[in-house]
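Before any comments, here is the structure.
The values are calculated or read from the model by the stated rules, or taken from the named source; none is laboratory data. Here the structure is a predicted model, which means the values were calculated and not measured. Because the Cβ atoms are built from the backbone with ideal geometry, glycine has one as well, and the counts that use them run over all protein chains shown.
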2 protein chains.
Amino acid sequence: MSKEEIGITVSKEIDFSEWYTQVVLKAKLADYAPVKGLIVLRPDGYSIWESLKTTFDRKFLKNGIRNGFLPILIPESLLGKEQKHFAGFNPEVFWVTHSGENVLGDRLALRPTSETLAYTMYSKWIQSWRDLPLKINFWNTALRAEIKATKPFLRTSEFLWQEGHTVHANQEEAENEVMKILEIYKNTVEDELAIPVVTGKKSEKEKFVGAVYTTTMEAIMPDGKALQMGTSHFLGQNFSVPFEVKFADKDNIEQFAWQTSWGVSWRLIGAMIMVHGDDKGLVLPPKVAPIQIVIVPIFKSDDSKEIVFKKVNEIYEELESKQIRVHIDDRVELTPGYKFNDWELKGVPLRIEIGPKDIEKEQIVLAKRYNREKINLNFKEIEKIVTILDEIQKDMLKIAKIKAKENTSIISNYTEFKSKIVKGGFLYAYWCGKVECETKIKEETGADIRVIPFESKNTDGKCMYCQEQSITIPIFARGY
Amino acid sequence: MSKEEIGITVSKEIDFSEWYTQVVLKAKLADYAPVKGLIVLRPDGYSIWESLKTTFDRKFLKNGIRNGFLPILIPESLLGKEQKHFAGFNPEVFWVTHSGENVLGDRLALRPTSETLAYTMYSKWIQSWRDLPLKINFWNTALRAEIKATKPFLRTSEFLWQEGHTVHANQEEAENEVMKILEIYKNTVEDELAIPVVTGKKSEKEKFVGAVYTTTMEAIMPDGKALQMGTSHFLGQNFSVPFEVKFADKDNIEQFAWQTSWGVSWRLIGAMIMVHGDDKGLVLPPKVAPIQIVIVPIFKSDDSKEIVFKKVNEIYEELESKQIRVHIDDRVELTPGYKFNDWELKGVPLRIEIGPKDIEKEQIVLAKRYNREKINLNFKEIEKIVTILDEIQKDMLKIAKIKAKENTSIISNYTEFKSKIVKGGFLYAYWCGKVECETKIKEETGADIRVIPFESKNTDGKCMYCQEQSITIPIFARGY
């Protein structure tokens with residue numbers, strides 16, 4: 001392969017969609033599986049998911065949430081028990097009809113989500129107020145048949161996610177849980193992936209089928225499309241009634257419980273690629289990078305090789321002792337230039353270059369991936385690298401916030417809206433709260449209400465569509 | 001519920017099968033799912049799996065193995081590419097035939113195992129010797145329709161496992177990998193779960209369908225039945241040829257690669273329950289226990305409560321600072337006696353009892369779960385608990401080894417074999433190596449060759465069945 005074929009061959013500005021696919025495949029994060037709509041994660045891709053998983057697990061546990069396991073097969077009869085919920089998922093369900101040569105009696109669904117199964121179990125496990133709250137999270141995959149073209153991490157028929165399901169003795173506690181989870185989602189995405197998000201509620205039209213309301217975090221992508229990054233649902237008693245999730249309260253009176261469910265998926269990885277990547281390839285935030293620093297030794301003769309590698313190994317040991325994930329690229333048959341491109345494509349946050357001249361000057365060259373800055377660092381200052389990684393992480397979020405702001409507008413009328421939506425972006429606009437306007441706007445512009453931000457107040461505006469009194473200022477956008 | 005209903009109501013000696021099921025359900029490790037053959041893991045059960053996962057991940061990574069993700073759906077055409085393999089799994093496969101209302105063109109199998117899918121991908125990813133070895137592990141579930149009655153962790157139609165798939169440039173390296181993995185399996189099971197195993201090869205009849213040979217680790221359960229605890233397969237080029245897993249060697253000549261695959265499942269948890277449990281319930285080895293120590297405060301008046309809790313909290317802090325997983329049972333409405341039974345049922349390795357009298361004597365009472373021994377420990381000796389947990393772990397393995405030995409016999413003739421097999425156990429017996437004898441023995445006694453131990457030499461015996469020259473001394477047993 002020529003150098004061009006190995007690297008990214010299109011510009012992010014010019015063909016965002018093709019650029020994205022090339023980054024995913026060429027940085028070896030994922031690949032297409034033999035079945036249409038499905039992808040395989042290679043170790044560098046899965047490692048990012050594992051890193052997020054570790055962070056979420058720590059935060060969930062601190063919040064009293066433990067992990068469990070649910071099987072993938074759900075009987076059709078069970079899935080249909082909450083009817084709106086069933087109607088919402090039914091068109092996307094994969095159905096198992098045979099085991100070996102045998103026809104199954106009841107068709108089995110591959111889980112599109114596990115509310116129905118989890119709550120069947122919960123109803124057995126919960127008897128009294130002493131069993132509450134019950135808070136369990138499940139790391140698994142969900143399956144929903146996609147008919148549109150596969151987009152790794154963004155549109156696949158099977159996706160990795162976590163789904164949490166909690167049960168509470170009263171409404172207030174359940175609603176607090178919904179918000180606590182959304183806060184964990186938001187700070188994890190901002191702190192680990194350096195992606196700013198807006199949190200708020202979904203409209204009635206866009207909420208999870210079966211929920212009383214859905215809270216969401218949304219991010220704006222560089223191509224002007226919005227991406228739903230995670231949702232946390234207040235289910236009220238919508239499921240506890242049909243699934244009989246009941247408990248005897250302290251006065252021994254039977255009550256239906258209050259429930260929540262919430263999830264994030266590997267979409268988060270897709271967002272990270274889109275927000276930070278550039279024309280050289282992937283750009284990884286240090287906190288989730290499988291390799292945080294790559295050391296590229298530069299040498300010509302065998303003499304210089306020995307001197308260089310002695311120092312390289314010293315630096316490697318020092319960085320590793322500081323829990324930094326560091327790798328030495330000691331491949332002999334490749335030039336430093338080739339290696340630089342290779343690691344830039346893979347998005348490694350920091351590269352250390354070290355050759356005989358650097359050793360004379362008692363320094364290393366540090367190349368930052370995200371802004372392509374190069375600095376020299378004296379041998380005595382190696383420990384500063386910990387701080388530098390931290391600064392990179394923070395600066396990436398700062399830059400992402402600036403870009404998101406550039407992609408956000410406040411709209412005063414529908415004409416302006418229709419002109420702006422072509423370019424995309426988050427568009428704040430007055431809305432009367434009626435689903436008719438929401439539907440018309442969607443039909444005419446392709447934009448839907450992504451989120452009604454929590455800070456959105458009922459101000460004295462007019463709905464941009466019908467000119468009636470506005471009740472909120474949601475963010476409209478075209479979405480993924 | 002009465003006390004009897006909460007606790008285990010049958011003896012392990014008298015009704016092993018019922019005892020096992022009660023322990024699983026009443027210790028809240030798992031429960032039956034709505035679909036026959038499937039189970040759900042509750043947090044205490046899943047936590048044991050997570051603990052094993054963490055240990056395996058650390059050891060795999062040290063051995064250069066990283067994790068990836070494979071989808072659950074495999075096209076029928078792909079599954080059939082290695083014919084023996086397909087024939088072996090076909091009767092157990094769950095088939096997806098519809099998505100929503102649409103009939104699928106090619107039926108999709110729910111993964112019974114992922115060789116065919118993984119190697120389709122590997123064949124794309126591997127071009128040259130530089131891409132080798134390729135070593136990826138996948139934590140997922142496998143689905144194989146079970147027709148017999150469900151036995152949690154032992155016989156379920158979906159089970160949690162890991163499947164590792166490695167590719168090598170030559171036979172020797174691949175065969176070494178097979179052995180390295182088996183060693184990781186063995187030391188993890190012995191060190192973490194305190195279960196002794198015998199390692200060796202499977203017979204031709206019992207090997208993995210598609211493998212050149214299968215290595216295995218087997219354990220003997222207290223009821224005299226053998227349990228396969230994990231297998232590591234040398235696949236040779238059996239898959240690399242049909243799946244075209246090829247590489248250009250250093251002389252640029254194309255070669256078919258050499259492969260391995262290997263897996264352990266949540267059966268390990270089933271084995272742990274069977275080997276260590278007793279009539280009071282579960283007995284957990286400290287290393288995998290979700291809670292390692294439970295503190296039960298004992299008090300009558302409010303005065304004593306305050307004094308006791310002050311000390312309880314001190315001890316809690318001290319133990320937690322030593323990374324011990326400790327829990328205070330501060331439930332007010334329950335008696336100490338009830339709590340003791342409850343935590344014994346759940347198998348918590350150590351219980352600390354502390355009441356006003358203990359405080360006067362400046363001591364705590366330590367109750368060990370595995371041997372029900374009680375000792376006093378002075379307040380000044382709390383740090384000894386770390387060593388005590390370690391000793392419990394080691395002693396549990398020692399006891400398990402003694403029991404396994406008691407359940408192992410060396411057989412001199414077929415009459416003795418037929419009489420002994422009724423009671424069960426590992427039976428070492430001479431074998432000529434012919435599948436005919438193996439099959440006859442199975443038909444007549446229900447016992448199969450579990451493992452041909454590595455140390456088994458070709459000694460000067462006669463096959464117990466046909467009296468011809470023996471070539472090995474395998475272990476025969478009836479199995480799960």
Verdict on A:Ser232 being outside the structural domain of A:Trp431 (by TED's automatic domain parsing), among the hydroxyl-bearing types (Ser, Thr, Tyr) and part of a loop (DSSP other than H, G, I, E, B): no
Verdict on B:Gly37 being within 12 Å of chain A (Cβ to nearest Cβ), within 21 Å of the chain's Cα centre (by Cα) and assigned to a helix (DSSP H, G or I): no
Looking only at region A:443-475, and only at residues there that are surrounded by fewer than 21 Cβ atoms within 10 Å (Cβ to Cβ) and among the basic types (Lys, Arg), the one that is nearest to A:Ala219 (Cα to Cα): A:Lys457
Residue match in region A:103-122 (condition: acidic (Asp, Glu), over 28 Å from A:Glu204 (Cα atoms) and touching a helix residue (DSSP H, G or I) at 6+ places or on another chain (Cβ under 9 Å)): yes
Qualifying residue in region A:389-404 (condition: part of a loop (DSSP other than H, G, I, E, B) and either within 19 Å of A:Ala289 (Cβ to Cβ) or in the same structural domain as A:Lys423 (by TED's automatic domain parsing) (or both)): no
Residues being touching a Gly at 6+ places or on another chain (Cβ under 8 Å) and outside any strand (DSSP E or B) - total across region A:212-227: 4
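Matching residues to (1) in contact with a Leu (Cβ under 6 Å, 6 or more places away or on another chain); (2) in the same structural domain as A:Pro152 (by TED's automatic domain parsing); (3) in contact (Cβ under 8 Å) with a residue 24 or more places away in the chain:
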{"site": "A:Ile14", "(1), (2), (3)": "no, yes, no"}
{"site": "A:Thr21", "(1), (2), (3)": "no, yes, yes"}
{"site": "A:Ala30", "(1), (2), (3)": "yes, yes, yes"}
{"site": "A:Ala33", "(1), (2), (3)": "no, yes, no"}
{"site": "A:Leu52", "(1), (2), (3)": "no, yes, yes"}
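Considering region A:267-326 alone, what residues qualify as being of a type in the set (S, T, N, Q) and surrounded by fewer than 19 Cβ atoms within 10 Å (Cβ to Cβ)?
Scanning region A:267-326 gives A:Ser301, A:Ser304, A:Asn313, A:Ser321, A:Gln323.
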Whichever residue in region A:58-100 is in contact (Cβ under 8 Å) with a residue 60 or more places away in the chain and surrounded by fewer than 19 Cβ atoms within 10 Å (Cβ to Cβ) and, among such residues, is farthest from A:Met272 (Cα to Cα): A:Lys81
Strands (runs of 3 or more DSSP E) enclosed by region A:250-366 - at least 3 residues per element that are touching a His at 6+ places or on another chain (Cβ under 7 Å): A:258-265
Of the criteria (1) free of Cβ contacts under 8 Å to residues at least 12 places away in the same chain; (2) farther than 26 Å from A:Trp258 by Cβ, which one A:Ile220 fails: (1)
Failed item in (1) assigned to a loop (DSSP other than H, G, I, E, B); (2) touching a strand residue (DSSP E or B) at 6+ places or on another chain (Cβ under 9 Å); (3) under 29 Å from A:Glu190 (Cα atoms), with A:Val422 passing the rest: (2)
Tabulated pairs, region A:356-374, first over 16 Å from A:Leu282 (Cα atoms), second assigned to a helix (DSSP H, G or I) and among the small types (Gly, Ala, Ser), C-beta under 7 angstrom, 6+ apart or interchain: A:Pro356/A:Ser304
Test: B:Tyr46 is modelled with pLDDT of 95 or more and within 13 Å of chain A (Cβ to nearest Cβ): yes
Count - residues of region A:369-387 that are under 32 Å from the mean Cα position of the chain (by Cα) and either assigned to a loop (DSSP other than H, G, I, E, B) or surrounded by 18 or more Cβ atoms within 10 Å (Cβ to Cβ) (or both): 7
